[in-house]
Amino acid sequence: MFRIKNSVGSDLARMLKGGVIMDVVTAKQAKIAEAAGACAVMALERVPSDIRAQGGVARMSDPALIAQIQKAVSIPVMAKIRIGHTAEARILQELKVDFIDESEVLTVSDPFDHVEKKQFKIPFVCGATNLGEALRRISEGACMIRTKGEAGTGNVVEAVRHLKLIKGEIAALKHMKPAQLKTYAREERVPLDLVLNVRTAQRLPVVTFVAGGIATPADAALLMELGAEGVFVGSGIFKSSDPKRMAKAIVQATTHFGDPVKVMEVSRGLGAAMAGLEVSTLQTRMQERGL
Amino acid sequence: MSVVGVLAFQGDFSEHIAVLHSMHVPAVEVRSLSDLSKVGALIIPGGESTVIARFLDETRVGKEIVRRVLATPTRTLPPLFVYGTCAGAILLAKKVTGKNAPRSLKLIDLTIDRNAYGTQLDSFETNIRVKGIREKIPVSFIRAPKITRVGKGVEILAEHQGVPVLVRQGKVLVGTFHSEVRDDARIHQLFLKIIKAS
């Protein structure tokens, strides 16, 4: 039978459900996020849209910056490492961050492998574009999955695509015969007992959030309605014209996604959302990193 | 049996609902005053207390919880029993200490220190012995708060390393741990027993 090794880590992910995790680049932004109702913050040097615009190699943030943000807030603090960068993960564990995001938003550091996450007490969240990818990350020890979406675009289409693909592939497992399930597990390079667990439960064995391109309260409500258990917002808050209000509004829409009157009220007069990008014309597709 | 509501602004409310369903207890999510008016008992789940506190305030659900717990029950105003876990414990305590402490409902005479155990590195799981329950219960403490003072009239139902972790005063039951994430129904049964006995 499949079991999550870091049960305490997956418990923390459960406590984040129904909430919004916000990217912040300074202690001041972290305080704004906490006051607006973020359930956690992601501490980083540049939000994805700036990483996209400026190019170059994107790495783990300066530990001094992360420490300042940890000092400023009382909610969980997450931070990102490059895919496969075990040494960056060790630094974050020493810093006592609450969650590590092994993220495609940063430049990939290992062309072969992701971090072997089971050796860490700090829980990891990883991105996925489909079920196979999600299951590979979970079998490596991820305690939480998020869609990759297409970060820094303000365009929600890829997050919707990934969430629907994962859900659709989970539903399709139901109709597979034992031999087909074995083939699926082998082709996706994941343990069969994990596949069987998901087939029976009809969900991933870890909390599943959405990320990548969420820019408005309506975007958050759309994804919650599609079955997301919570929302990451990267550039969408501090690249909007009124970050405080946008942050509060996305928090409200995530909780009250089933109440269109509430979502309408918080969407009124919000000012400009972040400028968006068309995904088909992008030079860099971050979602293709680390499959 | 009256319906049990689970406060569903943020946190692990679906785990509590799953436990109640496993006991065949009717359970509903509570996000508004109108939802609250339909329940005779309420669970405040784990989650981020700062987030849940904001929603309690904005929706006025917090004020109504206080009113119904403190009021003398009448035919039109049934009594309200509350069980708070972790963030829920913080939100029910009389006094909350620690960084950026949220405003609480002050329904149980406790002082509680938020995130007293530390960061996620200090989160842990263990088995605890609860008064009146034979076998130990598997629980997890996730960035948990610590009860640092217990007022007169507050009954201690469980301790971990000499610190109270499950306490009760009147209609309010408070635990700093999570049993719902281990699919264990015994604390929920205890809560329902308290309701029945009153």
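Out of all the residues in segment A:125-136, which are open to solvent by 10 Å² or more (accessible area, probe 1.4 Å) and part of a helix (DSSP H, G or I)? Once the filter is applied, which keeps residues that are open to solvent by 10 Å² or more (accessible area, probe 1.4 Å) and part of a helix (DSSP H, G or I), segment A:125-136 yields only A:Arg136. Being within 14 Å of chain B (Cβ to nearest Cβ) and among the aliphatic types (A, V, I, L, M) is the requirement here; does A:Leu92 meet it? When the stated conditions are applied, A:Leu92 passes them. Here A:Asp242 fits the description: open to solvent by 40 Å² or more (accessible area, probe 1.4 Å) and either in contact (Cβ under 8 Å) with a residue 12 or more places away in the chain or closer than 22 Å to A:Gly127 by Cβ (or both). Filtering segment B:65-96 to residues that are part of a loop (DSSP other than H, G, I, E, B) and of a type in the set (D, E, K, R) leaves only B:Arg75.
Show the residue pairs that are 6+ apart or on different chains and have beta-carbon atoms under 6 Å apart, the first residue being within segment A:29-44 and over 15 Å from B:Arg54 (Cβ atoms), the second being in a helix (DSSP H, G or I). Once the first residue is over 15 Å from B:Arg54 (Cβ atoms) and sits in segment A:29-44, its partners that are in a helix (DSSP H, G or I) give A:Gln29/A:Phe238; A:Ala30/A:Ile69; A:Ala30/A:Ala72; A:Val41/A:Ala30; A:Val41/A:Ala33; A:Ala43/A:Ile66; A:Ala43/A:Ile69.
Residue-level check: of (1) modelled with pLDDT of 95 or more; (2) touching a helix residue (DSSP H, G or I) at 6+ places or on another chain (Cβ under 9 Å); (3) more than 14 Å from chain A (Cβ to nearest Cβ), B:Gly132 misses just (1). For segment A:219-252, the set of residues classified as assigned to a helix (DSSP H, G or I) and more than 18 Å from the chain's Cα centre (by Cα) consists of A:Pro243, A:Lys244, A:Arg245, A:Met246, A:Lys248, A:Ala249, A:Gln252, listed by residue number.
The lone criterion from (1) within 14 Å of chain B (Cβ to nearest Cβ); (2) surrounded by fewer than 24 Cβ atoms within 10 Å (Cβ to Cβ) left unmet by A:Ile69 is number (2). Checked against the criterion of being assigned to a loop (DSSP other than H, G, I, E, B) and either surrounded by 24 or more Cβ atoms within 10 Å (Cβ to Cβ) or in contact (Cβ under 8 Å) with a residue 60 or more places away in the chain (or both), segment A:168-181 has no qualifying residue. Of all residues in segment A:16-30, how many are crowded, with 24+ Cβ neighbours inside 10 Å and away from chain B (no Cβ under 14 Å)? So the count comes out to 2.
If A:Arg203 passes every condition in (1) in contact with a helix residue (DSSP H, G or I) (Cβ under 9 Å, 6 or more places away or on another chain); (2) in a helix (DSSP H, G or I) but one, which one does it miss? Result: A:Arg203 fails condition (2) only.
Picking from residues in segment A:41-55 that are within 17 Å of the chain's Cα centre (by Cα) and of a type in the set (Gly, Ala, Ser), the one that is surrounded by the most Cβ atoms within 10 Å (Cβ to Cβ) is A:Ala43. Criterion applied to A:Ala58, A:Ala38, A:Ala13, A:Ala33 was being open to solvent by less than 10 Å² (accessible area, probe 1.4 Å), closer than 19 Å to A:Ala211 by Cα, more than 14 Å from chain B (Cβ to nearest Cβ) and outside any strand (DSSP E or B), and the one residue passing it is A:Ala58. Residue count for segment A:106-124 under the criterion of being open to solvent by 30 Å² or more (accessible area, probe 1.4 Å) and in contact (Cβ under 8 Å) with a residue 40 or more places away in the chain: the result is 5.
The set of residues in segment A:258-274 that are surrounded by 15 or more Cβ atoms within 10 Å (Cβ to Cβ) and of a type in the set (Val, Ile, Thr) comprises A:Val263, A:Val266.
Against the test of being within 11 Å of chain A (Cβ to nearest Cβ) and open to solvent by 40 Å² or more (accessible area, probe 1.4 Å), the options B:Arg60, B:Arg75, B:Arg67, B:Arg31 yield a single qualifying residue, B:Arg31.
Scoring B:Cys86 on the criteria (1) within 14 Å of chain A (Cβ to nearest Cβ); (2) over 17 Å from B:Pro164 (Cβ atoms); (3) not aromatic (Phe, Trp, Tyr) leaves a single failure, condition (2). Among the residues making up segment A:77-97, those that are out of contact with any Gly (no Cβ under 8 Å at 6 or more places or on another chain) and either in a helix (DSSP H, G or I) or surrounded by fewer than 24 Cβ atoms within 10 Å (Cβ to Cβ) (or both) are A:His85, A:Thr86, A:Ala87, A:Glu88, A:Ala89, A:Arg90, A:Ile91, A:Leu92, A:Gln93, A:Glu94, A:Leu95.
The values are calculated or read from the model by the stated rules, or taken from the named source; none is laboratory data. Remember, predicted model here, so these are calculated numbers, not experimental data. Reconstructed Cβ throughout: ideal geometry from the backbone, glycine too, with neighbour counts over all protein chains shown. What goes into the accessible areas is simple: the full protein's heavy atoms, side chains included, and nothing from ligands, DNA or RNA. Shrake-Rupley method; radii C 1.70, N 1.55, O 1.52, S 1.80 Å.
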